[in-house]
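The values are calculated or read from the model by the stated rules, or taken from the named source; none is laboratory data. Predicted, not measured: the structure shown is a model, and the values here were computed from it. A quick note on method: Cβ atoms are made from the backbone with ideal geometry, for glycine too, and the neighbour counts reach across all protein chains shown. We work out accessible area using only protein heavy atoms, side chains counted, and drop any ligands, DNA or RNA first. Shrake-Rupley method; radii C 1.70, N 1.55, O 1.52, S 1.80 Å.
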Amino acid sequence: MFVEGIDIPEGREPADPTEWPYSVPAVGRLLSEPLEFRAPVTFLVGENGSGKSTLVEGIAEAYGLDARGGRAGRKYANNRPKGDLGQRLRLDLSQRAARQRQRGRRSQTGFFLRAETTFGLAEAVSGLHGYWEEDLAEHSHGEGFLIILQSMFDKPGLYLMDEPEAALSFMSCLRLVGLVHDLAESGSQIICATHSPLLAAIPGADVIEVGDHGARRVRWEKLDMVDHWRRYLSDPGTYLRHIIDS
Ligand SMILES: Nc1ncnc2c1ncn2[C@@H]1O[C@H](COP(=O)(O)OP(=O)(O)O)[C@@H](O)[C@H]1O
Ligand SMILES: [Mg+2]
């Protein structure tokens with residue numbers, strides 16, 4: 001483990017907790033209660049707008065990863081000031097992560113993959129030492145994505161991902177399951193926002209559902225998204241008749 005929990009401690013409260021991002025329940029709750037990470041793989045699930053990206057970015061910034069995506073110990077763009085949440089979040093670091101941090105930023109290991117900005121990241125770091133060799137322009141979007149992940153998952157560290165499934169086919173998503181599983185086995189920690197029941201089914205993963213209630217642990221079988229997919233796949237009509245006039 002690298003980060004065992006997050007909260008916003010006394011003394012670092014925002015002036016106005018009713019303002020964004022503290023107005024998002026999953027973020028606001030951190031003022032009174034920490035969010036614990038208990039397993040090497042944690043998935044954050046929940047509706048659009050529930051605060052998954054906000055949390056993942058906040059953790060990335062507080063850890064020292066570029067909020068637009070990129071490697072630990074390296075920036076691919078000019079120094080951008082941390083967002084407000086990134087400055088206020090307190091990370092409960094494991095001994096290993098604390099030692100890395102003491103040795104300085106360059107010894108920190110990890111990667112933040114933001115689906116939305118991967119293309120920009122790929123352009124910005126193409127050819128830079130410590131990234132990947134392949135020419136991504138010669139691959140499909142999904143293939144390129146797996147190349148990025150495969151080459152970035154190289155050392156035990158903190159790996160943050162935001163909807164990595166976006167570009168992936170079913171089979172590619174299964175490959176990602178294999179990559180994430182191996183990464184966790186090798187001592188890494190993964191915190192990943194996702195809408196994918198396929199990804200969230202990784203054995204041993206902790207699944208935290210965020211929403212109006214704040215954040216709670218839910219077993220995979222009990223997740224709303226799993227239930228919706230099950231019912232949709234067994235009979236699309238039960239959903240579609242509410243959406244499309246026949
Ligand atoms: N820069 C911003 N300024 C104000 N509100 C924002 C900003 N970014 C996101 N939000 C709002 O914060 C909420 C959570 O967003 P986000 O974390 O992106 O949700 P998710 O990733 O779960 O879909 C949403 O209501 C969104 O509209
Ligand atoms: Mg998001």
**Message:** Rounded to the nearest percent, how much of the accessible area of the stretch 3-243 (1.4 Å probe, protein heavy atoms only) is carbon and sulfur?
**Reply:** 49 percent
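Using a 1.4 angstrom probe, figure out how much accessible area the stretch 3-243 has per residue, in square angstrom, rounded to the nearest whole. Mind showing how you got there, number by number?
Values: 12170 Å² over 241 residues.
Result: 50 Å² per residue.
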**Request:** Would you mind computing, in nm to one decimal, how far apart the modelled labels at residue 135 and residue 222 are, each placed 7 Å from Cα along Cα→Cβ?
**Result:** 5.3 nm
**Request:** List every residue whose amide H lies under 5 Å from the amide H of residue 211, counting only residues 5 or more places away in sequence or on a different chain, with H placed 1.01 Å from N in the peptide plane.
**Result:** 26
**Request:** Would you calculate the separation in nanometres between label points at residue 244 and residue 96, each defined as 7 Å from the Cα along the Cα-to-beta-carbon direction?
**Result:** 4.9 nm
**Item:** Contour excess over end-to-end distance, with Cα ends at residue 185 and residue 16 and 0.36 nm allotted per residue
**Value:** 56.7 nm
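Going by average Cβ density within 10 Å per residue, which order do the peptides 142-155, 189-202, 170-183 take, highest to lowest? If you can, show how the numbers build up before the last one.
Values: 142-155: 18.3, 189-202: 21.8, 170-183: 16.1.
Output ranking for 142-155, 189-202, 170-183: 189-202, 142-155, 170-183.
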**Size of electric dipole in the stretch 3-243: Cβ of Lys, Arg +1 and of Asp, Glu -1, about Cα centre, debye, nearest 20** = 700 debye
